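> Handing you this structure, nothing more for now.
The values are calculated or read from the model by the stated rules, or taken from the named source; none is laboratory data. Quick caveat: nothing in here was measured; it's all calculated off a predicted structure. Virtual Cβ from ideal backbone geometry, glycine too; neighbours counted across all protein chains shown. Only protein heavy atoms, including side chains, enter the accessible area calculation; ligands, DNA and RNA are left aside. Shrake-Rupley method; radii C 1.70, N 1.55, O 1.52, S 1.80 Å.
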Amino acid sequence: QRRRRSYQNQVSASARTGHGRTRTLRPIEHLTGKAERWRKTRCQVIARRFALWCKDRGVSRVYIEDFSGIRDGEPEKLEGGEVVWRRIQEWPYYQLEMRVKSCLEELGIEVEQGPAHWISQTCPNCGHTSPDNVDLGRWRIRCVQCKQSRHLDTGAAANVVARGEAARKKREVLAAGKTSE
């Protein structure tokens with residue numbers, strides 16, 4: 001990104017137009033392709049390692065969150081502000097999701113996807129949802145209703161599994177109802 005900015009700044013400073021501009025910006029095309037290839041490779045490596053990790057532990061089903069709409073947030077509302085927002089904009093969530101799904105399915109592991117809304121604010125014990133449940137200072141979810149406390153990531157993972165199981169059972173009931181007709 002620094003090199004790209006450097007090339008772009010050279011162009012605007014020189015006020016080149018026509019072929020000179022094209023020649024000056026040519027290295028940016030190479031950098032763009034290089035960054036895209038790096039992201040693609042990185043996603044594949046992460047997905048393959050995760051799939052093999054799951055296989056080694058005998059995992060038969062994986063629940064993942066639906067990250068569609070993750071880029072719709074406003075930078076002012078994020079804890080890290082503009083820096084975190086830029087990182088969110090750059091990461092290829094969909095590409096990683098597709099790679100993870102394909103690697104897991106290749107190894108015979110089922111993939112269930114569920115909604116990600118309020119995953120970290122919902123108590124995995126009683127289901128109470130509130131922004132006050134989250135304590136980012138200690139990275140804990142502490143329910144204001146039932147007072148249960150656990151690590152934030154563990155609580156969110158429990159919620160993802162619970163939502164995935166509920167969605168799967170609902171689909172099975174609907175499918176059973178259609179076959180009986």
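> Pull out all pairs, ordered by first then second residue, where Cβ-Cβ is under 6 Å, the residues are six or more apart or on different chains, the first lies in segment 116-132 and is in a loop (DSSP other than H, G, I, E, B), and the second is among the β-branched types (V, I, T).
From segment 116-132, the pairs are W118/T129; S120/V134; Q121/T129; Q121/V134; S130/V144.
> Residue by residue through segment 78-94, note down the ones that are assigned to a helix (DSSP H, G or I) and either surrounded by 11 or more Cβ atoms within 10 Å (Cβ to Cβ) or within 14 Å of the chain's Cα centre (by Cα) (or both). First the steps, then the outcome.
Narrowing segment 78-94 to residues assigned to a helix (DSSP H, G or I): 82-90, 93-94.
The answer is V84, W85, R86, R87, I88, Q89, E90, Y93, Y94.
> Looking at the structure I just gave you, is E97 among the acidic types (D, E), closer than 29 Å to K170 by Cα and modelled with pLDDT of 90 or more? Can you show your working first?
On the way: among the acidic types (D, E): yes; closer than 29 Å to K170 by Cα: yes; modelled with pLDDT of 90 or more: yes.
So E97 passes the test.
> Can you confirm whether T129 is open to solvent by 70 Å² or more (accessible area, probe 1.4 Å), modelled with pLDDT of 90 or more, of a type in the set (S, T, N, Q) and closer than 22 Å to F67 by Cα?
Details: open to solvent by 70 Å² or more (accessible area, probe 1.4 Å): no; modelled with pLDDT of 90 or more: yes; of a type in the set (S, T, N, Q): yes; closer than 22 Å to F67 by Cα: yes.
So T129 does not fit the description; no.
> Have a look at W53, W38 and point out the one that is under 19 Å from the mean Cα position of the chain (by Cα), open to solvent by 50 Å² or more (accessible area, probe 1.4 Å) and modelled with pLDDT under 90.
Testing whether each residue is under 19 Å from the mean Cα position of the chain (by Cα), open to solvent by 50 Å² or more (accessible area, probe 1.4 Å) and modelled with pLDDT under 90 leaves just W38.
> Being among the aromatic types (F, W, Y) and modelled with pLDDT of 85 or more narrows it down to one of W91, W139, so name that one.
W139
> In segment 133-152, what residues are aliphatic (A, V, I, L, M) and part of a loop (DSSP other than H, G, I, E, B)?
If the condition is that a residue be aliphatic (A, V, I, L, M) and part of a loop (DSSP other than H, G, I, E, B), then L136, V144 are the ones that fit.
> Of the residues E97, E65, E106, only one is farther than 30 Å from S6 by Cβ and open to solvent by 60 Å² or more (accessible area, probe 1.4 Å); which?
Numbers: E97 fails: open to solvent by 60 Å² or more (accessible area, probe 1.4 Å); E65 fails: open to solvent by 60 Å² or more (accessible area, probe 1.4 Å).
Going through E97, E65, E106 in turn, the sole match is E106.
> While we're here: So is T22 surrounded by 10 or more Cβ atoms within 10 Å (Cβ to Cβ), at pLDDT 70 or above and part of a helix (DSSP H, G or I) or not? Before you say what the answer is, go through the steps one by one.
Details: surrounded by 10 or more Cβ atoms within 10 Å (Cβ to Cβ): yes; at pLDDT 70 or above: no; part of a helix (DSSP H, G or I): yes.
So T22 does not fit the description; no.
> So which residues in segment 143-173 are closer than 17 Å to H128 by Cα and of a type in the set (A, V, I, L, M, F, W, C)?
Result: C143, V144, C146, L152, A156, A157, A158, V160, V161, A162, A166.
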